[in-house]
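Enquirer: Structure below; questions to follow.
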Amino acid sequence: MPSLTSILVRRSPLSPTRGILAAGPLRLACALGRSGTSILKREGDGATPVAAMALLSAFRRGRRVPGLATTLPLRRVVPGRDGWCDASGHAAYNRPVRLPFPASTESLARDDRLYDAGFVLDWNVRCRARNRGSAIFLHVAREGYAPTEGCVALSPGDLRRLLPFLRPGTVLRVLR
């Protein structure tokens, strides 16, 4: 498969919380943030950032998404152990943390399927700023592509179809 350097996400003309992800020949429906997209992303606003975000790493919960093969660094999520800090005033803001943790966190081992497989996008990760938003991932969508809290989400089948395009150096671009 040819190497792609960029995956594009455009908002759907039918809904601000839905999008179309384009990767090579693939055109896939996706869910976006409950507040649509924003060029001024802030912590807790529910918007998907309009940005070019490199894929940094991947995570998976057990064997819930079989066949998850990627050349990106892969972390196996353990319930009760793995979380993500969303406390903008903490030194670990927008970083993976070990639970229990003294500041506000989100568990990466959710009770639903959303984080069964996910990819960390470089939104406010390499160069962090307080309140710019945290935990922006490419992950599994809710039924019916219900909106996310700011992530980009695909059906499990479409996430598997996209896997061959996801490698170090790939950038996911969310367009206005």
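Enquirer: Give just the number: which of (1) more than 30 Å from Gly24 (Cα to Cα); (2) in contact with an Asp or Glu (Cβ under 8 Å, 6 or more places away or on another chain); (3) surrounded by 15 or more Cβ atoms within 10 Å (Cβ to Cβ) does Ser134 not satisfy?
Expert: Evaluating Ser134 over (1) more than 30 Å from Gly24 (Cα to Cα); (2) in contact with an Asp or Glu (Cβ under 8 Å, 6 or more places away or on another chain); (3) surrounded by 15 or more Cβ atoms within 10 Å (Cβ to Cβ) leaves (1) as the failure.
Enquirer: Quick one: in the stretch 101-118, of everything that is surrounded by fewer than 23 Cβ atoms within 10 Å (Cβ to Cβ), under 15 Å from the mean Cα position of the chain (by Cα) and not charged (D, E, K, R), which residue is nearest to Thr148 (Cα to Cα)?
Expert: Among residues in the stretch 101-118 that are surrounded by fewer than 23 Cβ atoms within 10 Å (Cβ to Cβ), under 15 Å from the mean Cα position of the chain (by Cα) and not charged (D, E, K, R), the one nearest to Thr148 (Cα to Cα) is Leu114.
Enquirer: Please list, ordered by residue number, the strands (runs of 3 or more DSSP E) wholly in the stretch 115-176 having 1 or more residues that are under 14 Å from Leu68 (Cβ atoms) and touching a residue at least 12 places away in the same chain (Cβ under 8 Å).
Expert: 117-121, 137-140, 152-154
Enquirer: Of the residues Ala54, Ala58, Ala91, which single one is surrounded by fewer than 17 Cβ atoms within 10 Å (Cβ to Cβ), modelled with pLDDT of 95 or more and within 15 Å of the chain's Cα centre (by Cα)?
Expert: Numbers: Ala58 fails: surrounded by fewer than 17 Cβ atoms within 10 Å (Cβ to Cβ); Ala91 fails: within 15 Å of the chain's Cα centre (by Cα).
Within the list Ala54, Ala58, Ala91, the selection yields Ala54.
Enquirer: Also: Within the stretch 119-128, does at least one residue satisfy the condition of being at pLDDT 95 or above, in contact with a strand residue (DSSP E or B) (Cβ under 8 Å, 6 or more places away or on another chain), over 17 Å from Gly33 (Cα atoms) and crowded, with 17+ Cβ neighbours inside 10 Å?
Expert: Yes, the stretch 119-128 has at least one match.
Enquirer: What about Gly83, is it touching a Pro at 6+ places or on another chain (Cβ under 9 Å), at positive phi and buried (at least 20 other Cβ atoms within 10 Å of the Cβ)?
Expert: It is false that Gly83 is touching a Pro at 6+ places or on another chain (Cβ under 9 Å), at positive phi and buried (at least 20 other Cβ atoms within 10 Å of the Cβ).
Enquirer: Let me ask another. Within the stretch 59-77, is even one residue within 17 Å of Val171 (Cβ to Cβ), in contact with a Gly (Cβ under 8 Å, 6 or more places away or on another chain) and hydrophobic (A, V, I, L, M, F, W, C)?
Expert: No: zero hits.
Enquirer: Here's another thing I want to ask about it. Counting only residues that are more than 16 Å from the chain's Cα centre (by Cα) and either among the charged types (D, E, K, R) or within 27 Å of Cys127 (Cα to Cα) (or both), which one in the stretch 61-75 is surrounded by the most Cβ atoms within 10 Å (Cβ to Cβ)?
Expert: Among those that are more than 16 Å from the chain's Cα centre (by Cα) and either among the charged types (D, E, K, R) or within 27 Å of Cys127 (Cα to Cα) (or both), it is Arg64.
Enquirer: Among the residues of the stretch 22-30, are any closer than 17 Å to Pro147 by Cα, buried (at least 16 other Cβ atoms within 10 Å of the Cβ), modelled with pLDDT of 95 or more and not small (Gly, Ala, Ser)?
Expert: Of the stretch 22-30, the ones closer than 17 Å to Pro147 by Cα are 28-30.
Filter again for buried (at least 16 other Cβ atoms within 10 Å of the Cβ), leaving 28, 30.
Okay, now just the ones that are also modelled with pLDDT of 95 or more, so 28, 30.
Then drop every residue that is not not small (Gly, Ala, Ser), which leaves 28, 30.
Taking every residue of the stretch 22-30 in turn, at least one turns out to be closer than 17 Å to Pro147 by Cα, buried (at least 16 other Cβ atoms within 10 Å of the Cβ), modelled with pLDDT of 95 or more and not small (Gly, Ala, Ser).
Enquirer: All but one of (1) of a type in the set (Lys, Arg); (2) in a strand (DSSP E or B); (3) within 27 Å of Glu106 (Cα to Cα) hold for Lys41; state the number of the condition that does not hold.
Expert: (2)
The values are calculated or read from the model by the stated rules, or taken from the named source; none is laboratory data. Being a predicted model, the structure only gives us computed values, none of them experimental. Every residue, glycine as well, gets a Cβ built from its backbone with ideal geometry; the counts of neighbours run over all protein chains shown.
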